[in-house]
Every structure is written in C-alpha cells, then in structure tokens.
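Written below as structure tokens is the structure these notes are about.
The values are calculated or read from the model by the stated rules, or taken from the named source; none is laboratory data. In this text, all values refer to a predicted model and were calculated from it rather than measured experimentally. So basically every Cβ, Gly included, is an ideal-geometry build from the backbone, and we count neighbours across all protein chains shown. Calculation scope for accessible area: heavy atoms of the full protein, side chains included, ligands and nucleic acids excluded. Shrake-Rupley method; radii C 1.70, N 1.55, O 1.52, S 1.80 Å.
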Amino acid sequence: MFGLFPEEDKLFLNAILLCLADAFSSGDKHTKECVVRIFMKIKRRGNRDAEGIFSKEMFENQLELLTRVKEVFDEGDTEERALSLRLFGCWAYFAKDCPDVRYIVLSSLVTGDVLEVKAAYFAAGCLSETSDDFAVVFLEMLRTTVSSQESSEDIKLAAGRAFAKLWCSFSIAENAYKLGLKLLMDSSEDDFSATMLISLSKIASRWMLLVPTQFELLTLFQSEDRSLRMQVTSLRCFRLLLAREVCIVPSNASTVHRVFGILHRSELQPTLQLESLRLLYKILLINFSIIPCMEIPELFQKLFVVVKNMLKSSVQSNRVFAVNVLADLSGKVLGRQDMWSGGSGCTLASQVISFILDQVISLVTPLIGNNMADFAVEFEVKSLLKTLF
C-alpha cells in the first residue's frame, strides 16, 4: 500500500508495533484501551494472522513489547492490569515462551478482582492455544475453579468460555472435552450450561473424532423439556459445526427429519423457529447436490408448510428470511440438469413464483384505498419482490 521496497515492510512493521507498545506504556487509560482494541481485532481474525505479524521473520523485538506491557502490569491499577493481560493474550504466539508472562497470567487467575481474573482467563486461553504444557496446567486450574462453591457466577462463565481454547493437541482437547461434558451435565444453570455447550462445540469443531459425541449431546438439548435458551443454543452449535465443514453426521436424513419435527411444533417460539430454519437451510445447502431428484418434490412440500407457518409470525425478519430460504433452495433446483429432464424444475419454479406473488398480494390488498403509508409493509413487499426477481 505504501510502495515499500523489499525488506522495508519489516522495518515499517517493527516501528508501528513499538510505537503502539510505547503508547500503551505511557498513554492514559483511553489510549491503552485503544491499543488493546487494535490487537483484539487482529486476534479475532485468527491465529494465522497473528503468526504472520509476530513471526521472528517479520518482527524481532518481541521482548521489547513484553517489557513495556509488564511495566504497566506491575505499576498499574486493576483496570490497567486487566488491559495488560489482554495484550499478553493477543500476543500469545510469542508470549508463550516467556516465563514471566506465564507466571503473571497463572497468578492472576487466583486474584480476588473479577475484572483482572476474567482478563487472565482470556490470556490463559490464548496461551493454551499455542502451548501444550501451559494448557495442561490451565486445565487443572479450570477443574478447581468451576468445581469450587466459592467461585462467583462471572468467574465460572469466564472459565467456561476458556474451555473453547483447549484444543491445540488431541490429548488436551479430549481431556478438556470430557471434563467440560461432566461439568455441563452436572450444571442446573442455563447461563453456564449454554456457555459450556458452545465451548464443547468449538473444541469438537477442531477434531473430527469428537464430532459424533457432540452431535448426540446437541440432540439431547433439542427436546421440548429443555429450556428455550438451551434449545436455541444447541441449534446454533449445530450451525457452528457445519460452518467449519467438519460435521458429517448431521447431514443425514434423520437429522433433517428431526429439524422438520421441531419446526412443526405447535406454538413454536419465534427465536427457536428461526434457528431451526437456519440449521435446516445450512444442512440442505451442504447436501443439496447429493439429494436424489425423486426426494426433492416431497422435501419442498414439507418446506412449503414450514414457510407458510413462519409467514404467520409477528416478526417481520423471520417472514422475509423464510421466503428467501424457499427461493434460494428452489434456485438450486433450477441449476440441476436432472430436475429439468422431467420438468420438475419448471414446476417447482412456478409454485415458488405463485407462492411469493400470493404473499405480495395479501400484504398489498388491505392497503388499497388507504391513503396512509405503511412503511413496514412497504419494506416487506420490496424484499419479496427482490427475492422474486
């Protein structure tokens, strides 16, 4: 972007990072927060980006960065120590090799201040992603923290979120998964249970061998006797596994049938209805090319029923999304040559077009002769026409 010569990019990067570290060291709290936000964005983009920026080939002054932040941690108040810990977590790719950083993070896990402890859990999780031996120690500390009656709810939730980062080797992932599963099944609190369900799904998404067990676990939380919160969370976790393209098990017909069963429940909550349709949509998109053409008409008849039910929803975004799903999947049918040979593609296209037009007419008809504009209806009609085109 700056027209740099070869190798000049390294000098430029080193200068930027050292300037940021100086700003964190000497700036006020707002400046410190701004610096942390920069590196949190890099962290959220993934470990690969962090490795590229902080590799020894690109950046040679790792110790200088750590020294500046350690000074803030040693001399700062609780907020500044928490910010320092978050930076250590963002820099885990090279901070994992520093004994001082390891000690600071582990000792901060047992301090009394909630803000500092939560930041320490974030940092410890990040270090565990890159260091097996650190992860072993951290897992034992998690076991103690979550099992303790003295741990506050905030601390337990932070610990539950940290489980998601214990995946760097299969042995660590398997041990963390087994412990997390036990803690989940022993818990009666929805907040903690939902957090653990997400963390276990993230661990399973890294290792194919854990996916079947996680699939069965998520299925347990889709029954009607579970709380709405847990049912919705389990559906979102299914989509999380599918998003990483590691989940083979839920692509079978029984899973599609199960999701249709959820969507056909009477008086289904809008949130659960939406998450169920999102999951069904994701599964069908992944497997659409291998679904036998003879099964597609029956599949779409079921889908028509689901969409008709969702059009009764009071939530406009749910109604619009349902029609978009129907139209998009029918578009996939139009792209399959085997569906055109028997005329099935043309028939389905006509059905979908008529269905959308009927919905547009049902929305517009009550407004005929009414001089007052209804912006909500106008938005929905425009969305449907866009989908139709």
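Is the shape of region 145-270 best called rounded, prolate or oblate, per the rule: a/c under 1.5 gives rounded, else a/b larger than b/c gives prolate, else oblate, with a ≥ b ≥ c the square roots of the Cα gyration tensor eigenvalues? Taking the square roots of the gyration eigenvalues as a ≥ b ≥ c, region 145-270 is oblate. Taking label points 7 Å from Cα along the Cα-to-Cβ direction, residue 224 and residue 97 give a separation of 5.9 nm. With a cut-off of 12 Å between beta carbons, the residues surrounding residue 278 carry a summed charge of +2, where Lys and Arg count +1 and Asp and Glu -1.
Send over a whole-number figure in Å² for the accessible area per residue of region 124-277, probe 1.4 Å.
Accessible area per residue, region 124-277: 44 Å².
Fully extending the segment from residue 137 to residue 174 would add 11.8 nm, taking 0.36 nm per residue of separation and subtracting the current Cα-Cα distance.
Between the helical axis of 78-90 and the longest alpha-carbon principal axis of the chain there is an angle of about 70 degrees.
What order do 379, 163 take when sorted by accessible area (1.4 Å probe), most exposed first? Write down the numbers at each step before the final one.
On the way: 379 120, 163 0 Å².
Descending accessible area places them as 379, 163.
Where does helix 114-128 land angle-wise versus the long Cα axis of the chain, in degrees 0 to 90, nearest 10? Approximately 80 degrees, to the nearest 10.
With helices as the sole contributors, the chain gives -23500 deg cm²/dmol at 222 nm; each DSSP H run of n ≥ 4 counts as -39500 (n - 2.57), and the sum is divided by every residue. Label-to-label distance for residue 368 and residue 22 is 7.3 nm, based on points extended 7 Å past Cα in the beta-carbon direction. Here the gap between residue 379 and residue 77, fully extended at 0.36 nm per residue and compared with their Cα-Cα distance, gives a gain of 103.7 nm. Scanning the chain for trypsin sites (Lys or Arg not before Pro) lying in DSSP loops with no more than 15 further Cβ atoms inside 10 Å, the longest uninterrupted stretch between such sites is 57-243. Taking 0.36 nm per residue of sequence separation and removing the Cα-Cα distance, the residue 10/residue 304 pair yields an extension gain of 100.1 nm. Over 30 Å between C-alpha atoms is what I'm after, so list which of 43/70; 282/308; 32/178; 32/182; 43/282 land there. Listed pairs above 30 Å: 32/178; 32/182. Charged neighbours of residue 380, selected by a Cβ distance under 12 Å, balance to +1 (K, R count +1; D, E count -1). Exposed loop sites are taken as GluC sites (Glu not before Pro) in a DSSP loop (any state but H, G, I, E or B) with at most 10 other beta carbon atoms within 10 Å; the longest stretch of the chain without one runs 268-389. Surface composition of the chain: carbon and sulfur atoms hold 56% of the protein heavy-atom accessible area at a 1.4 Å probe. Modelled label positions at residue 144 and residue 113, each set 7 Å beyond Cα in the direction of Cβ, lie 2.1 nm from each other.
Skip the ligands, DNA and RNA, and give the accessible area per residue of region 1-113 with a 1.4 Å probe, whole Å².
Details: 6440 Å² over 113 residues.
On a per-residue basis, 57 Å².
Structural descriptor for the chain: relative contact order 7 percent, calculated from alpha carbon pairs under 8 angstrom and at least 6 residues apart.
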